[in-house]
Amino acid sequence: MNRNDIITWLREECSDRLLTLWAQADAIRRAHVGDAVHLRGLLEISNYCRRQCAYCGLRCGNANVQRYRLTREQIITGACQAAENGYGTVVLQSGEDINLTGEMVAEIIVAIKQKTELAITLSLGERSIDDLIVWRQAGADRYLLRFETSDPDLFVAIHPPVAEEYPQRQFLLGELQGMGYEVGSGVMIGIPGQSLGSLADDIIMFSRLNLDMIGVGPYILHPDTPLASQANVPLIADQAPDTVLMTLKVIALTRLMCPDANIPATTALAVLDPQAGYETALQCGANVIMPNVTPVNNRDAYDVYPGKTNVFDAADEFDQRLKQRIRAIGRSVSVGRGDSPHFLASRRSSVQHA
Ligand code: SAM
């Protein structure tokens with residue numbers, strides 16, 4: 001599929017034709033990653049952030065956020081909760097919190113590995129090469145770092161550099177691969193100023209970057225961010241819409257371009273469609289969901305975008321209901337780590353070539 005083919009699909013409005021796209025993506029998903037849905041326990045370990053991202057409620061300029069950082073014990077308890085729920089992976093996510101030091105995170109990784117069989121995914125933003133190496137050596141398995149948009153001008157506009165700048169996200173993704181991490185990235189859909197052509201470039205970039213995991217979700221306006229004040233500014237010609245439909249198209253096209261990657265049905269999509277967002281994404285190419293295992297008292301404060309906490313109301317019941325919803329559409333709940341088939345295949349081929 002070339003750029004024009006992708007753009008044609010992104011513009012497609014005929015529901016019958018779109019049914020053929022969903023069916024193709026679903027068939028490719030089944031053939032390459034199977035029917036099991038992998039569940040990852042998402043633990044939001046700190047909402048401190050040194051960044052000023054124009055889209056994100058955690059930006060350091062947002063004084064309306066009550067900041068928290070979980071203790072070592074709370075993080076280990078949260079990871080054990082993920083293991084008890086039967087999830088094969090815990091995802092430790094935070095703002096770019098410099099007080100979450102390399103050493104502290106490494107100790108936590110070691111402790112979780114001693115207590116559980118969980119795979120550990122980190123999503124801690126742009127960190128130094130030294131930290132990333134230390135965490136991998138401590139036992140971290142995977143790293144998630146979205147490049148947010150492949151348009152370099154738009155990226156800088158929404159993600160301004162900070163004083164002591166680490167290397168750019170796309171460079172870091174290559175470094176992470178070299179360190180042996182299973183690597184994930186992704187974008188937001190419908191960022192003001194993002195065209196359909198730019199979205200097509202994002203999908204092509206997923207394939208070029210050789211990613212193991214790809215997460216895409218709609219951009220959701222946060223009232224306490226600079227992008228909110230631009231909400232009424234006329235959009236560019238060919239603006240990508242921040243809708244459920246556009247997100248499903250991007251998921252399906254991503255599955256066609258990257259058949260053996262793990263692709264989540266994201267929380268942001270479930271915010272826009274709480275009733276059926278997870279199910280429709282799973283039927284358009286997705287194979288992962290990330291239930292929240294953050295302590296209930298901290299969830300509101302991890303205020304990346306509005307509406308997030310409504311998806312996971314009544315934490316304990318959510319887990320059971322989610323598993324029922326997965327089975328109700330004829331899918332199974334995965335047991336085990338759920339490594340990306342793309343990662344396992346590239347590791348096998350590098351062993352053969354060694
Ligand atoms: N600080 C880490 C980082 O930047 O990679 C991880 C946490 S960050 C909150 C996780 C993701 O949330 C970002 O990569 C971004 O795509 C998404 N996000 C942030 N603000 C959003 C918004 N307003 N709407 C939708 N997604 C958003």
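The values are calculated or read from the model by the stated rules, or taken from the named source; none is laboratory data. Keep in mind that this is a model prediction, so the values were computed, not measured. When we count neighbours, we look across all protein chains shown, and the Cβ atoms used for this are built from the backbone with ideal geometry, even at glycine.
State whether one or more residues within region 51-72 are more than 16 Å from the ligand (Cβ to nearest atom), at pLDDT 95 or above, among the hydrophobic types (A, V, I, L, M, F, W, C) and buried (at least 16 other Cβ atoms within 10 Å of the Cβ). No, that holds for no residue. Across region 163-175, the number of residues qualifying as under 19 Å from Gly95 (Cβ atoms) and surrounded by 15 or more Cβ atoms within 10 Å (Cβ to Cβ) comes to 4. Restricting to region 207-229, give me the number of residues that are away from the ligand (no atom under 13 Å from the Cβ) and not in a helix (DSSP H, G or I). Number satisfying all stated conditions: 4. Right, Glu164: more than 24 Å from Leu253 (Cα to Cα), at pLDDT 95 or above and either away from the ligand (no atom under 14 Å from the Cβ) or in a helix (DSSP H, G or I) (or both) or not? The answer is no for Glu164.
Do you know which residues across region 296-312 are crowded, with 16+ Cβ neighbours inside 10 Å, in a helix (DSSP H, G or I) and touching a residue at least 24 places away in the same chain (Cβ under 8 Å)? Hits for region 296-312 are Asn298, Arg299, Lys308, Val311. Here is the figure for region 298-325: residues that are away from the ligand (no atom under 16 Å from the Cβ), more than 19 Å from the chain's Cα centre (by Cα) and modelled with pLDDT of 95 or more total 3. Among the residues of region 140-153, those that are surrounded by 16 or more Cβ atoms within 10 Å (Cβ to Cβ), without any contact (Cβ under 8 Å) to a residue 60 or more places away in the chain and more than 13 Å from the ligand (Cβ to nearest atom) comprise Ala140, Ser150, Asp151.
Consider Ala228 carefully, then state whether it is of a type in the set (Gly, Ala, Ser), surrounded by fewer than 16 Cβ atoms within 10 Å (Cβ to Cβ) and without any contact (Cβ under 8 Å) to a residue 24 or more places away in the chain.
Here the answer is yes, as Ala228 does meet what is asked.
Condition test on Asp260, is it among the acidic types (Asp, Glu) and within 16 Å of the ligand (Cβ to nearest atom)? Here the answer is no, as Asp260 does not meet what is asked. Among residues of region 84-106 that are free of Cβ contacts under 8 Å to residues at least 40 places away in the same chain and closer than 16 Å to Asn47 by Cα, those with a beta-carbon under 6 Å from a residue that is more than 10 Å from the ligand (Cβ to nearest atom) and of a type outside the set (Ser, Thr, Tyr) at least six positions away or on a different chain give the pairs Val105/Trp135.
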